[in-house]
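Asker: I'd like to ask you about the structure that follows.
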Amino acid sequence: MNSVQNKTPTTWQKTIFSFCLRFKHGLIFFEKIIAAGSLLLLLVMSMIQIIARNFFEIGFSEMDVISRHLILFIIFMGAALVSEQNRHIKIDILTPLLNIEQQEKLIRPLLLLCAFISAVFAWYSVGFWLDEWQYAPANERWSVYLALILPVGFFILALHLLLLTITGFEHQLILREKEKNSSEQYSCSEPV
C-alpha cells in the first residue's frame, strides 16, 4: 500500500468549506451593518441629548440607557470583525519562540478554545438576562430587551471564532497565494 495519503479534499468537504465561507461573509456583512448603524445611532442620540440639555434645559434618561447598550453593540460586533482580520488583542508569550509552522499548527486549537469560552459566556449571559427580565420593574422592561446584546454578542463571537477555526484567516490565504504566484512567476526553471 502507498503510505502517502491523498490530501485533496473531497467534493463534500469542498461544499462544506464553501458554505462556511459564504456564511462567514454573510456574518461579517451583518456585523458591519450592526456596528455602523449602532455607531451612527449613538452619535445622533448623543447630539440630540447635548442640544436638548444645552439649549432647552431638558434631558432624556431613556437615551442614556440606549446609548450604554449601543456601546455594547459596537464592542461585540467590532470584536468579531477584528478577530476576522487576526488583529484582536493577544497576549502572546510563546509566539516569538515558535517558528511559523508551529504557530500555524497552534492557531486552530486556540481559535476553537476561544470559541468554546465565548459559548460558555453566552450560556451564562442568558442566565444573567433571564434574571434581569424576572426582576426588572414593569416600567423598565423595555431596557431589558437591549441587554439581549450580551448573550447574542457572545454567541456571534463564538460562531465567528468557530467559523475561523474551519476556514482560517482569508487574508493570510490571499497572501500565501500571492507569494506562491510571485515565486512561480520568477522561477528559474522556465526559459526566458
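What follows draws every value from the coordinates through simple rules; no lab data is involved. Keep in mind it's a predicted model, so treat the numbers as computed, not measured. Counting neighbours? That spans all protein chains shown, and the Cβs are built from the backbone with ideal geometry, glycine included.
Asker: Starting from 0.36 nm per residue, how many nanometres of slack lie between residue 166 and residue 72 once their C-alpha separation is accounted for?
Answerer: Full extension of this stretch gives 31.1 nm more.
Asker: Something else: Kindly count the pairs of lysines across segment 7-117 whose alpha carbons are less than 29 Å apart, treating pairs on different chains or eight or more residues apart as eligible.
Answerer: Going through segment 7-117 pair by pair, I get 10.
Asker: Rounded, prolate or oblate: pick one for segment 10-104, where a ≥ b ≥ c are the square roots of the eigenvalues of its C-alpha gyration tensor, a/c under 1.5 means rounded, and failing that, prolate if a/b is larger than b/c, else oblate.
Answerer: Oblate, because a/c is 1.5 or more while a/b does not exceed b/c.
Asker: Please arrange 45, 77 by counting, for each residue, the other beta carbons lying within 10 Å of its beta carbon, fewest first.
Answerer: 45, 77
Asker: So, one more: For each of 33, 74, count neighbouring Cβ atoms within 10 Å of the residue's Cβ, then give the residues from fewest to most.
Answerer: The order, fewest Cβ neighbours first, is 33, 74.
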